[in-house]
Amino acid sequence: MNRKLGTNGPLVSAIGLGCMGMSGAYGQSDEATSIATIERALELGHNFLDTADYYNAGQNEELISQAIKGKRDKAFLSVKTGQLLTPGPNGGMAPGPVCTRPDYLRNAIVYSLRRLKTDYIDLYTPARVDPNVPIEETMGALADLVQKGVIRYIGLSEASAATIRKAATVHPVAALQIEYSLWSRDIEVEVLPTLRELGISLVAYAPLSRGFLSGAFKQPADIKDSRAHMPRYQGENFYKNLELVEKIKTLAAQKSCTPAQLAIAWVIAQGDDVITIPGCKRIEHLEENIAAGQVQLTREDLESIHAMMPAGIVSGARYPEKFLDALGR
């Protein structure tokens, strides 16, 4: 299943592959297994590969470069940038401030191209809106990179409707990457209508709400990575949300699919302009996710899902409070 990116973009897979978890974001990962998973995605014609230059300080890009060697033409590379890293706990790195100054972007693209071993990136996206740099200035720098041929399309991420409109006055925006799932539907009020008015695709990340909607978690102790610090996966919120997952399981059984497939199918059923990038690091999960494209949800199914899980029903925010101010600028 392919869909057009933006108004004038290429066809890309409606169900892509989020590669962040392949570089330690959600527990341990195996490089050989991750590379095999990316190769399998390309073999199946699912070309949308999403990464960022700050995923494990560039290691994720280097991993992808190994997987696409000799088959660059089969991959659509989506790269985010601008999220600075600071020293984190246990000798690791943690998200720091956002920087999308023109000089930073011109420097960052050079290193991404080098790590990916390519001479162009298909979709280049500031990871967040920099509060210290006018979006028009950021877009101007990105437009210059398009003119130079090192990026083909410009994206935005976690931006407000007002920012999207300002950005689009400088250069066409091909896609907005933002969290969207059965549990994260705030964008339906203002952002999604703006995207449709301007002909911008929605790239929905975390369609499984970081794995919760798959039914994989039974108690908070099951989560042993960064997700444990997110409000909707903690304490009372966890157990309230677990009750919602049971409802998803029931409907999934009626549709002869897994809960994860139902959740992904719901996202891509929201419009032909919606692309989603569920993350995984093993072939069996990749193939399960891709098979969600075969799940047919009728109007009655969608109405039933909405009735049992209306917008706003999830308990807890999707990020810790200290990260929320970086969203929707």
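Quick look at the numbers
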| quantity | calculated |
| --- | --- |
| Selected residue (criterion: surrounded by the fewest Cβ atoms within 10 Å (Cβ to Cβ)) from residues of region 32-59 that are part of a loop (DSSP other than H, G, I, E, B) and not charged (D, E, K, R) | Gly45 |
| Breaking point among (1) farther than 30 Å from Lys166 by Cβ; (2) assigned to a loop (DSSP other than H, G, I, E, B); (3) in contact (Cβ under 8 Å) with a residue 40 or more places away in the chain, for Asp119 | (3) |
| Qualifying residue in region 91-111 (condition: over 19 Å from the mean Cα position of the chain (by Cα), at pLDDT below 95 and in a helix (DSSP H, G or I)) | yes |
| Qualifying residue in region 122-132 (condition: more than 20 Å from the chain's Cα centre (by Cα) and surrounded by 15 or more Cβ atoms within 10 Å (Cβ to Cβ)) | no |
| Hits in region 171-199 (condition: more than 16 Å from Gly6 (Cα to Cα), assigned to a loop (DSSP other than H, G, I, E, B) and in contact (Cβ under 8 Å) with a residue 12 or more places away in the chain) | Tyr180, Leu182, Trp183, Arg185, Glu190 |
| Subset of region 215-246 (residues that are in a helix (DSSP H, G or I) and more than 24 Å from the chain's Cα centre (by Cα)) | Ala221, Gly235, Glu236, Tyr239, Lys240, Glu243, Glu246 |
| Selection count, region 147-163, where residues are under 15 Å from Tyr124 (Cα atoms) and buried (at least 18 other Cβ atoms within 10 Å of the Cβ) | 10 |
| Members of region 3-50 found to be under 17 Å from Pro207 (Cα atoms), touching a Lys or Arg at 6+ places or on another chain (Cβ under 6 Å) and of a type in the set (Ser, Thr, Tyr), listed by number | none |
| Considering residues of region 226-237 that are of a type outside the set (Lys, Arg) and in contact with a Gly (Cβ under 8 Å, 6 or more places away or on another chain) only, the residue surrounded by the most Cβ atoms within 10 Å (Cβ to Cβ) | Tyr233 |
| All positions within region 1-31 that are part of a loop (DSSP other than H, G, I, E, B) and over 17 Å from the mean Cα position of the chain (by Cα) | Met1, Thr7, Asn8, Gly9, Pro10, Gly27, Gln28, Ser29, Asp30 |
| Matching residues, region 125-159, being assigned to a loop (DSSP other than H, G, I, E, B) and not small (Gly, Ala, Ser) | Arg128, Val129, Asp130, Pro131, Asn132, Val133, Pro134, Val150, Glu158 |
| Residue that is surrounded by the most Cβ atoms within 10 Å (Cβ to Cβ) [pool: residues in region 261-299 that are more than 25 Å from Ala36 (Cβ to Cβ) and polar (S, T, N, Q)] | Gln270 |
| Among the candidates Ala317, Ala263, residue that is of a type in the set (A, V, I, L, M, F, W, C), part of a loop (DSSP other than H, G, I, E, B), in contact with a Leu (Cβ under 7 Å, 6 or more places away or on another chain) and within 26 Å of Leu17 (Cα to Cα) | Ala317 |
| Candidate set from region 60-72 (those that are assigned to a helix (DSSP H, G or I) and either modelled with pLDDT under 95 or of a type in the set (A, V, I, L, M) (or both)); member that is surrounded by the most Cβ atoms within 10 Å (Cβ to Cβ) | Ile64 |
| Given (1) more than 30 Å from Ala162 (Cβ to Cβ); (2) crowded, with 21+ Cβ neighbours inside 10 Å, number of the condition Lys249 does not satisfy | (2) |
| Residue tally, condition in a helix (DSSP H, G or I) and touching a helix residue (DSSP H, G or I) at 6+ places or on another chain (Cβ under 8 Å), over region 291-314 | 8 |
| Residue that is surrounded by the fewest Cβ atoms within 10 Å (Cβ to Cβ) [pool: residues in region 12-31 that are more than 30 Å from Pro97 (Cβ to Cβ) and at pLDDT 95 or above] | Ala14 |
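This table checks each residue for (1) touching a helix residue (DSSP H, G or I) at 6+ places or on another chain (Cβ under 9 Å); (2) closer than 20 Å to Ser304 by Cα.
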| position | (1), (2) |
| --- | --- |
| Leu213 | yes, yes |
| Ala216 | yes, no |
| Ser226 | no, no |
| His229 | no, no |
| Tyr233 | yes, no |
| Phe238 | yes, no |
| Leu242 | yes, yes |
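The values are calculated or read from the model by the stated rules, or taken from the named source; none is laboratory data. Everything numeric here is computed off the predicted structure, so don't read it as measured data. Positions of Cβ are backbone-derived with ideal geometry, glycine not excepted, and every protein chain shown enters the neighbour counts.
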